[in-house]
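Here is the structure we will look at, set down as structure tokens.
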Amino acid sequence: MNPAWSVILLTTLIGLGQGLLLAMFGVEVASRLALTGAPAAVFYLAGSALSVLCLGGGLLASFFHLGHPERAWRAAAMWRTSWLSREVIVLPAFIAAVTAYGAAHFYGWSCSLWIGATAALLAIALFICTAMIYICLKFLQEWHTPLTLVNFILLGCASGLLAAAVLAGFVWPLLMPALALVAGIVTAAAAVTRGMTLARNALLRPASTLQSAIGISDPKIAQKAQGAMGGSFNTREFFHRRTLQFVRSAKWFFLTAAFALPLLLIALSLTAAPPRLLTLAFAVQFAGLLAERWFFFAQARHPQNLYYQVIS
Amino acid sequence: MKQLALVIDLNVCVGCHACATSCKEWNTGGAAGPLTDQNPYGKDPSGTFFNRVQTYEVGEFPATETVHFPKSCLHCEDPPCVPVCPTGASYKRAEDGIVLVDYDKCIGCKYCAWACPYGAREIDEQQQVMKKCTLCVDRIYDTALPESERKPACVIACPTSARLFGDVHDPASDVSKAIAEHGGYALMPEWGTRPANQYLPKQPKQSVAAATVARGMDPRTIDGAMKP
Ligand code: SF4
Ligand code: SF4
């Protein structure tokens, strides 16, 4: 597939927003259980604002993917069958819940935990909707695995936890080491599942071949013409047209930037404790996650590409 | 239940593109139009088409055969492109099985194109809505046309009658008989989409290339000896 920046930004930004909410909710639960001290309301307030900003940014980016953004409201219609439609419904609901969560802490409502629980459930629901958009396309074999959902959740939570740790560094430093530690654990877990996905996809054999595509069993078939000389939607949408070298570099970049470097920086921050290290870890990891999402799209081989091998 | 479809005979398709041209001509002016083009006379011409004629070379030289392969929406009986559409713009008609896009509802999210394994859907870059073959739904029921012309434009245009049109659920129809008699097959059966359109396989024929080689005119040779 040809990765679209709008969708890369949408999925990474909302993942961050979801992770941040889950991190805050986790902190609130832990503090109610007296596992940690209770942070001041400003932690939740700033966290909710940041989360809403990311979610809104993702939503805005998604509009750039549409040919007719002014009709976007129509996309809520087919929630019975379409995961995209479900995402379109859950995302605004989640934004509203996060806003309410921030408000609850600002005004000191006692029901903040319940609002947080609702928002957390919506965060999980949103992860499922987003991932299922890709998982349900069974002939995109690279995506058609539960690992896609696991990666979306873990990567979103890793960046959200790291953002929460950075935030704590500014407004409630006592919380920072614990959040950084959990962010490190989730980042490590994400590295394992993303690595498993890479290994799985390396072994995939495409179920469709040129033989099944045109229904001729001869082992030797060569395309001579694809019905258009100057390319078409089919050649623009489904081919990234980058070299193998570029794709490989993207992979090593995201493995380094999303996992290895943040883990190193988190480990350093746990011993030396300057919040600047965590800020750097967050920035590096987010760049890595953008590359990870680019690679996720680029790696998927659409069976329609079999029909578009040669221009002449 | 009726399921209208095309059956394409690969034995007689000569790759002349008359179907693609006629399709474009009818549909750019018909209810589904316009089908816009970008740079039609420029360096990288591109445009929206419902139908593309592709060409493949099958076999090993000199025993090769050229296969011309027209490709359009197959009006799948279990179309993966329909349930994924968030707006309901993509739908399959219950009355005749035609898969259509409502341009007034489509938001141009392209998700349906991702969900079609055949690459049968193309976004109209100017109108920014998804387009695909309509089986000429705006002419096959048009009682103002003479009965013989109530067929998709591509079927009428084909000079070799490689394209048959009819109800594949009616065992007595021409298309059903052609599929039964000539071993019609579906594309990429591995995805369970159950395409309504089918293709009639090329029958083995006497290889011209083999005869040429037998006459000592093998182009791989110089003065009768194999080229180095
Ligand atoms: S060929 Fe593609 S666009 Fe047409 S019905 Fe089947 S899946 Fe949908
Ligand atoms: S591009 Fe249009 S028809 Fe296709 S899924 Fe999106 S809204 Fe539906």
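The values are calculated or read from the model by the stated rules, or taken from the named source; none is laboratory data. Note that the coordinates shown come from a computational prediction; the quantities given were computed from them, not determined experimentally. Cβ sites come from the backbone with ideal geometry, for glycine too, and all protein chains shown count toward neighbours. Accessible surface is based on the protein model in full, side chains and every heavy atom, while ligands, DNA and RNA are left aside. Shrake-Rupley method; radii C 1.70, N 1.55, O 1.52, S 1.80 Å.
Listing for the model above:
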read-out: Index of the failed condition, B:PRO70 passing every other in (1) open to solvent by less than 10 Å² (accessible area, probe 1.4 Å); (2) away from ligand 2 (no atom under 11 Å from the Cβ); (3) over 22 Å from the mean Cα position of the chain (by Cα); value: (3)
read-out: Any hit, segment A:10-33, residues being within 19 Å of A:ALA100 (Cβ to Cβ), in contact with a His (Cβ under 8 Å, 6 or more places away or on another chain) and surrounded by 21 or more Cβ atoms within 10 Å (Cβ to Cβ); value: no
read-out: One residue from A:ILE133, A:ILE153, A:ILE115 being buried (at least 20 other Cβ atoms within 10 Å of the Cβ) and either touching an Asp or Glu at 6+ places or on another chain (Cβ under 6 Å) or within 17 Å of A:CYS54 (Cβ to Cβ) (or both); value: A:ILE153
read-out: Hits in segment B:1-32 (condition: closer than 24 Å to A:LEU210 by Cα, assigned to a loop (DSSP other than H, G, I, E, B) and open to solvent by 30 Å² or more (accessible area, probe 1.4 Å)); value: B:ASN11, B:VAL12, B:VAL14, B:CYS16, B:HIS17
read-out: Segment B:51-75, residues that are over 19 Å from B:GLY15 (Cα atoms) and within 8 Å of another protein chain (Cβ to nearest Cβ); value: B:GLU60
read-out: Among residues of segment B:59-80, those that are hydrophobic (A, V, I, L, M, F, W, C), away from ligand 1 (no atom under 16 Å from the Cβ) and either within 13 Å of B:LYS131 (Cα to Cα) or at pLDDT below 95 (or both), counted; value: 2
read-out: Cross-chain or 6+ apart pairs with Cβ under 6 Å, segment B:103-122 first and within 7 Å of another protein chain (Cβ to nearest Cβ), then basic (Lys, Arg) and open to solvent by less than 10 Å² (accessible area, probe 1.4 Å); value: B:ALA113/B:ARG121; B:GLU122/B:LYS131
read-out: Verdict on B:ASN27 being under 16 Å from the mean Cα position of the chain (by Cα), closer than 25 Å to B:ALA115 by Cβ and more than 9 Å from chain A (Cβ to nearest Cβ); value: yes
read-out: Residue tally, condition farther than 12 Å from A:GLU237 by Cβ, within 14 Å of ligand 2 (Cβ to nearest atom) and either in contact with a Cys (Cβ under 9 Å, 6 or more places away or on another chain) or open to solvent by 20 Å² or more (accessible area, probe 1.4 Å) (or both), over segment B:110-124; value: 2
read-out: In segment B:125-165, residue nearest to the other protein chains (Cβ to nearest Cβ) [restricted to those that are surrounded by fewer than 21 Cβ atoms within 10 Å (Cβ to Cβ) and within 16 Å of A:SER232 (Cα to Cα)]; value: B:GLN128
read-out: Selection status of B:ILE98, within 12 Å of chain A (Cβ to nearest Cβ), within 16 Å of ligand 2 (Cβ to nearest atom) and modelled with pLDDT of 95 or more; value: no
read-out: Whichever residue in segment A:215-229 is at the interface with chain B (Cβ under 7 Å from one of its Cβ atoms) and without any contact (Cβ under 8 Å) to a residue 12 or more places away in the chain and, among such residues, is surrounded by the fewest Cβ atoms within 10 Å (Cβ to Cβ); value: A:LYS220
read-out: Count - residues of segment B:33-50 that are more than 8 Å from chain A (Cβ to nearest Cβ) and either crowded, with 22+ Cβ neighbours inside 10 Å or polar (S, T, N, Q) (or both); value: 4
read-out: Verdict on A:THR187 being open to solvent by less than 10 Å² (accessible area, probe 1.4 Å) and not in a loop (DSSP other than H, G, I, E, B); value: yes
read-out: Failed criterion for A:PHE239 (all others in (1) open to solvent by 20 Å² or more (accessible area, probe 1.4 Å); (2) facing another protein chain (nearest Cβ under 8 Å); (3) touching a residue at least 60 places away in the same chain (Cβ under 8 Å) hold); value: (2)
read-out: A:VAL171 vs. criteria among the hydrophobic types (A, V, I, L, M, F, W, C) and under 23 Å from A:PHE296 (Cα atoms); value: no
read-out: Contacts under 8 angstrom Cβ, first residue in segment B:180-191 being more than 12 Å from A:GLN211 (Cβ to Cβ) and at the interface with chain A (Cβ under 7 Å from one of its Cβ atoms), partner in a helix (DSSP H, G or I) and modelled with pLDDT of 95 or more, 6 or more apart; value: B:TRP191/A:PRO303
